[in-house]
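The values are calculated or read from the model by the stated rules, or taken from the named source; none is laboratory data. Because the structure is predicted, anything quoted here is derived from the model rather than measured. Reconstructed Cβ throughout: ideal geometry from the backbone, glycine too, with neighbour counts over all protein chains shown.
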Amino acid sequence: MRTLVLNAGYEPLAVVSFKRALVLVMNDKANVVEHDEDAPVWGASEAYDRPAVIVLTRYVRIPHSRRVPVTRRGVLRRDAHRCAYCGRAASTIDHVLPRSRGGADSWTNLVAACVKCNNIKSDRTPQEMGWDLRIMPMAPRGAAWTVRGSERADPSWEPYLAMAA
């Protein structure tokens with residue numbers, strides 16, 4: 001079980017283990033906003049509510065230049081595991097402008113691709129192949145991308161992640 005941590009202004013900050021969340025609550029550094037009634041935490045002398053969403057008691061400044069790092073997993077997730085060239089299931093990533101020609105590892109130059117299209121395209125651009133991109137590669141935005149671990153969101157987190165989007 002994981003817990004969503006909110007800033008004092010109810011901005012999503014991070015996703016932590018329920019143990020870490022319980023320690024923050026017990027040390028009066030956070031308050032429970034939502035809890036899981038079906039799965040209490042049993043202590044030596046009593047049972048505690050398992051926190052699903054907590055809010056910090058003190059404000060923590062978030063840098064506004066929070067950029068999402070480019071990763072293979074992130075590119076596949078952004079493109080919904082679909083090939084940008086043919087639409088089939090994708091398991092690899094491809095540089096639109098190949099690295100050998102100066103293509104960067106950036107959100108705007110990487111797309112998800114199936115193995116077949118990736119091998120056929122090889123060291124060429126889609127224009128040279130006569131191919132069109134099904135998606136326009138761009139950097140992802142929103143709380144689901146900036147809050148690490150929120151891709152596997154608990155249903156009780158939805159209102160808080162939606163407020164930040």
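Observations on the structure shown:
- Region 37-61 - residue that is touching a residue at least 24 places away in the same chain (Cβ under 8 Å) and either touching a helix residue (DSSP H, G or I) at 6+ places or on another chain (Cβ under 8 Å) or not assigned by TED's automatic domain parsing to the domain that holds SER17 (or both) and, of those, nearest to ASN7 (Cα to Cα): LEU56
- Of note, VAL68 does not satisfy the criterion of being outside any strand (DSSP E or B), more than 15 Å from PRO137 (Cβ to Cβ) and at pLDDT below 90.
- Test set (1) loosely packed, with under 15 Cβ neighbours inside 10 Å; (2) part of a strand (DSSP E or B); (3) among the acidic types (Asp, Glu) - ASP105 fails condition number: (2)
- Where a residue in region 3-19 is at pLDDT below 85 and its partner, wherever it lies, is basic (Lys, Arg), with Cβ under 9 Å and at least six apart: ALA14/ARG148
- Only one entry of ASP28, ASP38 meets the criterion of being over 21 Å from ARG141 (Cα atoms) and not in a loop (DSSP other than H, G, I, E, B), and that entry is ASP38.
- Only residues that are part of a strand (DSSP E or B) and either in contact with a Cys (Cβ under 8 Å, 6 or more places away or on another chain) or within 12 Å of ASP49 (Cβ to Cβ) (or both) were counted in region 1-25, giving 1.
- Cβ pairs under 8 Å, 6+ apart, first in region 112-137 and closer than 11 Å to VAL96 by Cα, second aliphatic (A, V, I, L, M) and in a helix (DSSP H, G or I): ALA112/VAL75; ALA112/LEU76; LYS121/MET129
- Residues of region 108-132 that are of a type in the set (A, V, I, L, M) and modelled with pLDDT of 95 or more: LEU110, VAL111, ALA112, ALA113, VAL115, ILE120.
- Some residue of region 25-35 being within 23 Å of the chain's Cα centre (by Cα) and under 21 Å from ASP132 (Cα atoms): no
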